[in-house]
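Below: one structure, written as structure tokens.
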């Protein structure tokens, strides 16, 4: 069973303004205890009410950052030739400015639109240097997810939800350079609500290869970047609860 799960912020926003700054704090060493996530936070201040607004914030990490573990790539000569800096565990990435990368922030309680949305843009996940890149990604239900192998070795994609169902299990064919997402070296999957909300991608050949795909039914989400920042735009005025996800 996948151990990661969403954490809900004890915070509601009434009437989204044009700009809301939100400070979110991880308290170390309690970081690895799910119940302590976002125990302390800065309340949002509403300004300039309008029909839509944005939530803009930063995920900060308090305390000493954990040192990433060096992974063993020696089982595959191609993987062993990958850049050394990419041979470390990426489960917890603390940025240079003491912020946290790869935290998904989403909004609960958004009213569903009646009109059909355009979900034609694909979500791309690369297999490069024997890693899934990006490690954390978001897709909408009904949106095509494409996994592309850019390595000179075979990867066996295995994806699971919390109920352990295999959703993808195939070895993409390597191609020297992939510039077209329709390449035969790619495999695709369209996820539905019955697939759950959290999908873990692994490689059955290279066990250190892991990625997380969150499935949502609306476009109101963001993933914290290499500065710990996130922004969710065009949010209708209303009262909402923020929910977060991190794999640890």
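So how many residues does segment 224-248 have that are surrounded by fewer than 20 Cβ atoms within 10 Å (Cβ to Cβ) and closer than 15 Å to residue 103 by Cβ?
Looking only at that region, the number is 8.
Take segment 94-136 and flag every residue that is assigned to a strand (DSSP E or B), in contact (Cβ under 8 Å) with a residue 24 or more places away in the chain and out of contact with any strand residue (DSSP E or B) (no Cβ under 6 Å at 6 or more places or on another chain).
The answer is 131, and nothing else.
Read the figures in this text as sums done on the coordinates, not as results from a lab. Small disclaimer: the values here were computed from a predicted structure and weren't measured. Cβ coordinates were reconstructed from backbone atoms using ideal geometry, including for glycine residues, and neighbour counts include every protein chain displayed.
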